[in-house]
Every structure is written in C-alpha cells, then in structure tokens.
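These notes are about the structure you will find just below.
Just so it is clear, none of the values below were taken in a lab; they were calculated from the coordinates. As the structure is a prediction and not an experimental result, all values here were calculated from the model. Positions of Cβ are backbone-derived with ideal geometry, glycine not excepted, and every protein chain shown enters the neighbour counts.
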Ligand SMILES: [Fe+2]
Ligand SMILES: [Fe+2]
C-alpha cells in the first residue's frame, strides 16, 4: 500500500467530500461540525459513520448537514448502532438500523438501503455506494480461536464498547449479522457497477492492512471482515472511503484509492500536525 498524492481542493467547482467519526458528543467536535460547509452549491458530503451515540443527535446532525450540502450520504458506524442505556431510543440491532434509515429518509439523506446515486463530473461518473457490513472478528491470527482471542483482549483491556452496547438482534451474533449484510451487499454490487466505477463508503476498512497500525492488535477484531478482502478485485471499485480507525490517511492499494477520513476524538485530533478538513474524493473538473 502506498501513500496517495495530493488532490484538488479548488472551491470554484463542485466536489464530493467525505468525513467520518464526527462523534459530536464531544463539544470540540461539535464545533468542527458547525464549521463544515459546502463551498459550492453542488457539493456532496459522504458521512462514513460514528456521528453520535444517540439516534436523535444523529438525525439532528445529518439533517443539519443536509441543509448545507446538495446531497448527503450516510452509512452507520458502530456508535449509531449502540443501544446506550441513556439513549431514549432503546431499539436494538436490525430494528435500530431500520429506525436510523427511516430518520435519514425524513431528512433526505441517502443510506445503504437506497438506490445508489451517481456523482457526475465532466470527465467521469461514479456510482456512490454506501455499505453497511459490520465486522466479524476475522481480523485476527487465524490460528487463534475466537474465545481465546477475546479473552486476551479483555485481559489487555483493549475491547470495543460494542461488546456491551452493540446488539445483533434478531441475529444471534454480530458475526451472523455481518455475514448476512455481506451477502446482501454482494448481490447488489454484482449488478450495480457494470457501467461505471464505484466509490464505496463503509465505516470499516475492507481489508485488514490499515488495522495493523492500531496501537493494539486486539482491536482489529472489531474493525472489519475478511469477507470483503477481494471486493476491489471482484467489483469495479475506484475508491474506498472509510473511518472507524481514527487514523486519517490517503493511500493506494492494488490501484484502488483508500481514504480514511476520520475526525476522531479531541484527544486524538488535537495533536495532529494537519488540521481536520473534509477529504475531496472527486471534483467537478477532474478525478484522479
Ligand atoms: Fe469512531
Ligand atoms: Fe467506529
């Protein structure tokens, strides 16, 4: 995987921008979100999950962003799928996701359940494909049983809050929910990208490599699934946009642009040398 080169940020023409992991429960993050604005009336914004821990706040933020951008496309992060004891919305799993999708439709925000939209530039068109495929703990040493891997993670204290707050109902496990989502999504991808390349938007990376830069190897189990490892070879994917790792980066893997577009927590972004800004994924003049 190689680092990507710079990209157009000329505000004179429309852009397809991307952000993720806004985590607006942190006041400093809300200030960042308050500053997000389209620079052109036809700008679009991709929001790759982890907007907020409560359904109502997620809806407010997405509706607010939709008032500022021509089109907003969202895919859920693990935090939107948490059933937090303090949230008035106590729905779980698939029902919770369905409720979020309904809220997005009321706010005119596209989700993985909608028809894929086409971004049109003067030189190329892209199908914008938000997906919701979760994780299945397969980003681990395949020689270690899951129970043993989880026990080691608990002992190290490196466990995602999902273990307590993200329920897979009515699926018995998060792995089975993930598998069902992958199968459903692959059926759509097989027919969707036949006439134009795709920009796939997922909360998690589609391959394991980016998780190897996390401070603890235990955490990768909650960061994706090996079921998506060949997607960029099976389907005409031009760019993958993701978040969740809170490690923003632009890179290229097998000719596919990989854009990790997280804001993350204040304790993380306040020490970055480059200030946070929405990432330009495509623009109205040219496309990488
Ligand atoms: Fe996050
Ligand atoms: Fe996340």
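Looking at (1) buried (at least 19 other Cβ atoms within 10 Å of the Cβ); (2) within 18 Å of the chain's Cα centre (by Cα), which is the only condition residue 161 fails?
Residue 161 satisfies all of (1) buried (at least 19 other Cβ atoms within 10 Å of the Cβ); (2) within 18 Å of the chain's Cα centre (by Cα) except (1).
Those residues that are touching a helix residue (DSSP H, G or I) at 6+ places or on another chain (Cβ under 9 Å), within 17 Å of residue 249 (Cβ to Cβ) and outside any helix (DSSP H, G or I), I need them from the range 184-222; list them, please.
If the condition is that a residue be touching a helix residue (DSSP H, G or I) at 6+ places or on another chain (Cβ under 9 Å), within 17 Å of residue 249 (Cβ to Cβ) and outside any helix (DSSP H, G or I), then 200, 202, 204, 205, 206, 207, 208, 214 are the ones that fit.
Does the range 83-91 contain at least one residue that is outside any loop (DSSP other than H, G, I, E, B), within 16 Å of ligand 2 (Cβ to nearest atom) and under 22 Å from residue 166 (Cβ atoms)?
no
Of all residues in the range 246-271, how many are touching a helix residue (DSSP H, G or I) at 6+ places or on another chain (Cβ under 9 Å), more than 16 Å from ligand 2 (Cβ to nearest atom) and either farther than 14 Å from residue 32 by Cβ or assigned to a strand (DSSP E or B) (or both)?
Number of matching residues: 6.
Somewhere in the range 223-233, is a residue within 15 Å of ligand 2 (Cβ to nearest atom), assigned to a helix (DSSP H, G or I), more than 11 Å from the chain's Cα centre (by Cα) and buried (at least 18 other Cβ atoms within 10 Å of the Cβ)?
no
Would you be able to tell me the number of residues in the range 9-25 that are part of a loop (DSSP other than H, G, I, E, B), surrounded by 16 or more Cβ atoms within 10 Å (Cβ to Cβ) and touching a residue at least 60 places away in the same chain (Cβ under 8 Å)?
Summing the residues that are part of a loop (DSSP other than H, G, I, E, B), surrounded by 16 or more Cβ atoms within 10 Å (Cβ to Cβ) and touching a residue at least 60 places away in the same chain (Cβ under 8 Å) in the range 9-25 gives 5.
From the list 211, 185, 239, exactly one residue is under 30 Å from residue 119 (Cα atoms), in contact (Cβ under 8 Å) with a residue 40 or more places away in the chain and within 16 Å of ligand 2 (Cβ to nearest atom). Which is it?
Going through 211, 185, 239 in turn, just one is under 30 Å from residue 119 (Cα atoms), in contact (Cβ under 8 Å) with a residue 40 or more places away in the chain and within 16 Å of ligand 2 (Cβ to nearest atom): 211.
Within the range 39-61, track down each residue that is assigned to a helix (DSSP H, G or I) and within 16 Å of ligand 1 (Cβ to nearest atom).
Those that are assigned to a helix (DSSP H, G or I) and within 16 Å of ligand 1 (Cβ to nearest atom): 57, 58, 61.
Identify all residues within the range 104-120 that are in a helix (DSSP H, G or I) and crowded, with 19+ Cβ neighbours inside 10 Å; write none if there are none.
Selection gives 104 alone.
Which one is nearest to ligand 1 (Cβ to nearest atom), of the residues in the range 62-83 that are in contact (Cβ under 8 Å) with a residue 60 or more places away in the chain and under 22 Å from residue 172 (Cβ atoms)?
Looking at residues that are in contact (Cβ under 8 Å) with a residue 60 or more places away in the chain and under 22 Å from residue 172 (Cβ atoms), I get 78.
Can you pull out every residue in the range 234-245 that is in a loop (DSSP other than H, G, I, E, B) and away from ligand 1 (no atom under 16 Å from the Cβ)?
Result: 235, 236.
Answer with yes or no whether residue 255 is away from ligand 1 (no atom under 16 Å from the Cβ), buried (at least 17 other Cβ atoms within 10 Å of the Cβ) and over 23 Å from residue 153 (Cβ atoms).
Here the answer is no, as residue 255 does not meet what is asked.
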